[in-house]
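Chemist: A single structure is presented below for examination.
The values are calculated or read from the model by the stated rules, or taken from the named source; none is laboratory data. Small disclaimer: the values here were computed from a predicted structure and weren't measured. Methodologically, a virtual Cβ is constructed for each residue, glycine included, from the backbone with ideal geometry; neighbour enumeration extends over all protein chains shown.
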Amino acid sequence: MMACCVCAKYFLLFFNLIIWLSGGAFLSCGILVLYKRDLHELFAILSYDSHLVPSIHIIGYVLIGLGIFVFIIGLLGCCGSVRESRLLLGLYVFFIILVMGGELIVAMYTVLLSKEWDTRLPNTLKRRLLKYNYSIPQQFEHDLDIIHKQ
């Protein structure tokens, strides 16, 4: 019976390590969305006549927030499993449920946003490309040229 408890303890520790790493992955994805230079140039192209770019930045900030939160929760779970503290493990379970709900909300928001991208973005870009001015380039033309050079 004692071996089962030890096995459960190390299984929980391993599970918390995976959660801790997933928090780091969320954090890095959020930072990537907000600070990668290539994505900023793409967002600059998409931001003309569109309100979708602020939504992308919101997703980046939410990913960073969730990443930090999950990272801390994984640490809380590791400490709770090593010390066998009921309080820490109870808080861990509560926060894991909150994080899963938050991830579900972000996933639904992203799916809803992708449908909007599929309908609005092609029309907006077609309209802007038809108005492309070769002789006097404006900011859109300049940003589009930067994207094409890559």
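Chemist: Report yes if some residue within the range 33-46 is at pLDDT 85 or above and in a helix (DSSP H, G or I); otherwise report no. Before the answer, list the steps.
Modeler: We begin by selecting, within the range 33-46, every residue at pLDDT 85 or above; these are none.
Scanning the range 33-46 turns up no residue that is at pLDDT 85 or above and in a helix (DSSP H, G or I).
Chemist: If a residue must be over 14 Å from the mean Cα position of the chain (by Cα) and either within 18 Å of Ile19 (Cβ to Cβ) or at pLDDT 80 or above (or both), how many such residues does the range 103-118 contain?
Modeler: 1
Chemist: List every residue pair whose Cβ atoms lie under 8 Å apart, where the two residues are 6 or more positions apart in sequence or sit on different chains, the first residue falls within the range 9-33 and is farther than 15 Å from Val70 by Cα, and the second residue, located anywhere, is of a type in the set (Asp, Glu) and loosely packed, with under 15 Cβ neighbours inside 10 Å.
Modeler: Filtered contacts from the range 9-33: Lys9/Glu84.
Chemist: With the condition kept exactly as written, say whether any residue in the range 80-92 is under 20 Å from Phe26 (Cβ atoms), more than 14 Å from the chain's Cα centre (by Cα), in a helix (DSSP H, G or I) and modelled with pLDDT of 80 or more.
Modeler: Taking the range 80-92 first, the residues under 20 Å from Phe26 (Cβ atoms) are 91-92.
Next, from what is left, pick out any that are more than 14 Å from the chain's Cα centre (by Cα): 91-92.
Next, only the ones that are in a helix (DSSP H, G or I) stay: 91-92.
After this cut, where a residue has to be modelled with pLDDT of 80 or more as well, the list is 91-92.
Among the residues of the range 80-92, at least one is under 20 Å from Phe26 (Cβ atoms), more than 14 Å from the chain's Cα centre (by Cα), in a helix (DSSP H, G or I) and modelled with pLDDT of 80 or more, which makes the answer yes.
Chemist: Based on this model, can you work out whether Ser135 counts as of a type outside the set (Val, Ile, Thr), more than 17 Å from the chain's Cα centre (by Cα) and modelled with pLDDT under 85?
Modeler: Numbers: of a type outside the set (Val, Ile, Thr): yes; more than 17 Å from the chain's Cα centre (by Cα): yes; modelled with pLDDT under 85: yes.
When the stated conditions are applied, Ser135 passes them.
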